[in-house]
Amino acid sequence: MEKAKFAIVGLGVMGQNLALNIANNGYPVAVFNRTESVTRQFVAGLPADQGIIGTYSYVELADSLEKPRRIMLMVKAGPAVDAVIAALKPHLEPGDILIDGGNSYFEDTERRTVELEKEGFLFIGTGVSGGEEGALHGPSIMPGGSVDAWAALKDMFTAAAAKAYDGEPCVDYIGPRGAGHYVKTVHNGIEYAIMQMIAEVYDLLNRGLGLSTMELSELFKEWDAGELASYLVEITYKIFEKVDPETGKPLVDLIVDEAQQKGTGKWTSQNAFDLGAPTHTINAAVTSRIISGMKSQRTVAQALIDGPSEKFSGDREAMIAAIKNALYAGIILAYAQGFGLLHVASEEYDYDLDMQMIAKIWRAGCIIRADLLDDIMKAFDRDPGLVNLLLDDDFREAVVSRQGDLRHVIINGIKLGIPVYALSSALAYFDAYRTERLPANLIQAQRDYFGAHTYRRLDKEGSFHTDW
Ligand code: NBP
């Protein structure tokens, strides 16, 4: 029997769809899943010539593959990845390639790289974004790790990846060790920030301005045809369109308002704190999900605590136009923070990240895909060493010209008592970044006052302590 060219371990939604995608591109794929019945069911539903071979033990999986073996894990991130690697290893040979395609923590990928390379295996840790649909029709793929392994995977991954409007594949080698998973984590951090800002805009439009769900759907559809064109805006209008067949109500209105999280947004913020990179809006998005989870306390608090009684009384159309501009500015600022973090991490971890290439492979397939990413790619093309998007003329102008609307929208949110934490954090980032002198001088004085931590002076060199 013809040997398979690739294998996937883990047949959740991602594993199944990725297996189909790779097989559809002409590479026979062997598949394995811990729970055997899942494999049986998956394979039974496929035509005989699909090019997917079900296997029911790690020995069988290893035997079914041409060498060097290329085996991709699509299992739950964390201990499951280590468990699968440990179970597979006795059946592999030096030179075989293991690929972890789950949302693994990048430091786990760093550790696994060292451990596996010591034993002669090649390891790739790769982000895969695009959800179920993306995995099937073309995800954005962010592989990091062994350069030799990448050479052996490049054709297959390029065939399977999404293609941007100019035909460019949304995959490329990101960097050594955990670089691929790191970049995927920051992708998700940016995703959190954009989702939270869209949610705040929804709240302002719905609770604040009284737009119905159908009006919201029309508005977001209109926005998706302009500069806000993106996957997240597109799915938002489609969500607003959806009517619950049982009740006849908009489905979104029936969904419990507690946002869950799997950890990648939190990891982005935690790592940004570790590296000392400002990620205001990502942090705000993570915190906003946390307070959304405190539903029972919020229910009690609403009955006890009054907010402002003010209702929106201005020009509704003008406010809607301002909200659109505020969202666009906020999204640019979220990207500025995300790419700013990547810049710091690239130096800290010696990842040597190519920002233009990262923007390029985020243009299609992934959750944060947006027309804007084409402009971001061009900004890094103009200046590959750009440390912050706000230092690019076009992006600076895009935010500066909308800052009035961003401020106006936030002020209205505050007046109406509608939380706009992510939007206002984006503005605070912008205001802090463009301010040469921040009040940190006072903080230094306070630290010196109570802890003799010393401070530096503007007018002379050295370190000073005062007996306050
Ligand atoms: P899940 O994250 O739900 O994982 C399910 C798979 O992991 C099943 O095949 C399960 O086998 C296997 N598994 C577990 Br759980 N523990 C295992 C163990 N100890 N040994 C062997 N297998 C084990 O699946 P998914 O949603 O397809 O995601 C796969 C990966 O891709 C995850 O890391 C996820 O974070 C990432 N990802 C998901 C998406 C998405 O939209 N879902 C998008 C991008 C990335 P079983 O059938 O025997 O329980």
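Annotations for the structure displayed:
- Whole-Å distance, taken between Cα centres, linking segment 384-427 and segment 205-244: 21 Å
- Rounded to the nearest 10 degrees, the inclination of helix 421-433 to the longest alpha-carbon principal axis of the chain is 80 degrees.
- Separation of alpha-carbon centers, segment 332-347 and segment 164-185, rounded to whole Å: 15 Å
- At full extension, Gln41 and His465 could sit 145.5 nm farther apart than now, given 0.36 nm per residue minus the alpha carbon distance.
- Label sites at Val59 and Leu304, each approximated as a point 7 angstrom past Cα along Cα to Cβ, lie 6.4 nm apart.
- Amide H to amide H distances under 5 Å link Ile367 with Gly130, where only residues 5 or more positions off or on other chains count and H is placed in the peptide plane.
- Packing-based order for 387-397, 372-382, using average beta carbon neighbours within 10 Å, highest first: 372-382, 387-397
- Protection proxy ranking of 49-61, 275-287, by the mean of other Cβ atoms within 10 Å over each peptide's residues and highest first, is 275-287, 49-61.
- The order of the peptides 11-21, 332-342 by mean Cβ neighbours within 10 Å, most packed first, is 332-342, 11-21.
- Calculated on the Cα set of segment 6-177, radius of gyration then Dmax: 14.7, 44 Å.
- Annotation for segment 264-299 versus segment 4-51: alpha-carbon center distance of 36 Å.
- Taking Cα atoms only, the orientation of helix 372-382 departs from the longest principal axis of the chain by about 90 degrees.
- Stokes-Einstein diffusion for the chain at 25 °C, viscosity 0.890 mPa s, with a Kirkwood radius from C-alpha pairs, works out to 101 µm²/s.
Read-outs throughout are calculated quantities, based only on the coordinates presented, and are distinct from any laboratory measurement. For clarity, every value in this text was computed on a predicted model and none was experimentally measured. Reconstructed Cβ throughout: ideal geometry from the backbone, glycine too, with neighbour counts over all protein chains shown.
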